[in-house]
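The block underneath contains the structure these notes are about, expressed in structure tokens.
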Amino acid sequence: MKTILVPFEQHDLMPSTLQTALLLARKFDSYIEGFASFPAVVELFAMDHGGPLPIEIKENDAETARQARGLFESFMNDNGVARSSQADTSHSFGWLDAAPDGGGFLGSYGRVFDVVVLGRPNAGGSRTSITTVEAGLFETGRPVLIAPPTPPKRLGENILIAWNCSTEQARVTGTAMPLLQRASRVTVLTVEGGTVPGPTGEQLARYLRRNGVHCEPITVAPEGRSTGEAILAHATSVGCDLLVKGAYTQSRLRQMIFGGATRHILANASLPVLMAH
């Protein structure tokens, strides 16, 4: 996880997003790159039929982008992160100017980074767009690290894997291997009734141990809670500082209508969540 991408949006979770990215970068001496992220003009135009809105937004974007760069660079400087040179492979940062608007750019550009770090959506009136999160999950082919509302103090020392036997969960677990191998404690959690056909938590634990991960498989009953609620409750009870979760084992449409573990965790997690689809 040597390269980290942070889309800089105008919302209250940016301090936590930057702190989450910094904690991850310090583990691997990673390069962190930021860019100012805005909705596409066509998306904004659809919100208002007044005509001049796209021009006004473009004028405002230039100043907002300058402010975003200033905040990003101030955070890195305050935390002792050096500006990167082209050949630098150490812990450093950079900024991409004039990134195109819209989630399409994130979905494409994120493919040449190891992980994308975003704020948790649905965390208040000012928040990360769910469109941005889903562009990261579905278009980059890379994992997305979701920052909680409050800046975390630790990351990856006590990890919970929310094992539901799915392809998506297998993918994100493999992606998380560098973190799992460095963790002091790893728990493989299976929630009864919250799985699809596939290998058991015990079988996953055996695989992880053969890769040098010390872990404990646990199965819990939901006890009247949803799968997402049971996962977050267990993460809190054992003091986890990172949740590893496959995204959208059920379809997005089904989760929008009926709910699901991914939807619940995206809306309610109070710890960083590493996701992939």
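The values are calculated or read from the model by the stated rules, or taken from the named source; none is laboratory data. Predicted, not measured: the structure shown is a model, and the values here were computed from it. Every residue, glycine as well, gets a Cβ built from its backbone with ideal geometry; the counts of neighbours run over all protein chains shown.
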Single residue of THR167, THR150, THR132 found to be among the hydroxyl-bearing types (Ser, Thr, Tyr), closer than 25 Å to ALA230 by Cα and under 18 Å from the mean Cα position of the chain (by Cα): THR150
Exclusive hit being modelled with pLDDT of 95 or more and under 15 Å from SER270 (Cβ atoms), set PRO151, PRO143, PRO121: PRO151
Residues (at pLDDT below 95 and of a type in the set (A, V, I, L, M, F, W, C)) located in the stretch 167-198: VAL196
Filter pass, GLY224 being in contact with a Ser or Thr (Cβ under 9 Å, 6 or more places away or on another chain), assigned by TED's automatic domain parsing to the domain that holds GLY260 and part of a loop (DSSP other than H, G, I, E, B): no
Test for PHE38: is it modelled with pLDDT under 90, farther than 15 Å from PHE75 by Cα and of a type outside the set (Gly, Ala, Ser): yes
So MET1, is it under 26 Å from GLY141 (Cβ atoms) and either part of a loop (DSSP other than H, G, I, E, B) or modelled with pLDDT under 95 (or both): yes
Residue that is modelled with the highest pLDDT, among those in the stretch 231-277 that are under 17 Å from the mean Cα position of the chain (by Cα) and of a type in the set (Ser, Thr, Tyr): SER270
The listed residue being touching a strand residue (DSSP E or B) at 6+ places or on another chain (Cβ under 8 Å), basic (Lys, Arg), surrounded by fewer than 19 Cβ atoms within 10 Å (Cβ to Cβ) and within 30 Å of ILE218 (Cα to Cα), out of ARG182, ARG171, ARG154: ARG171
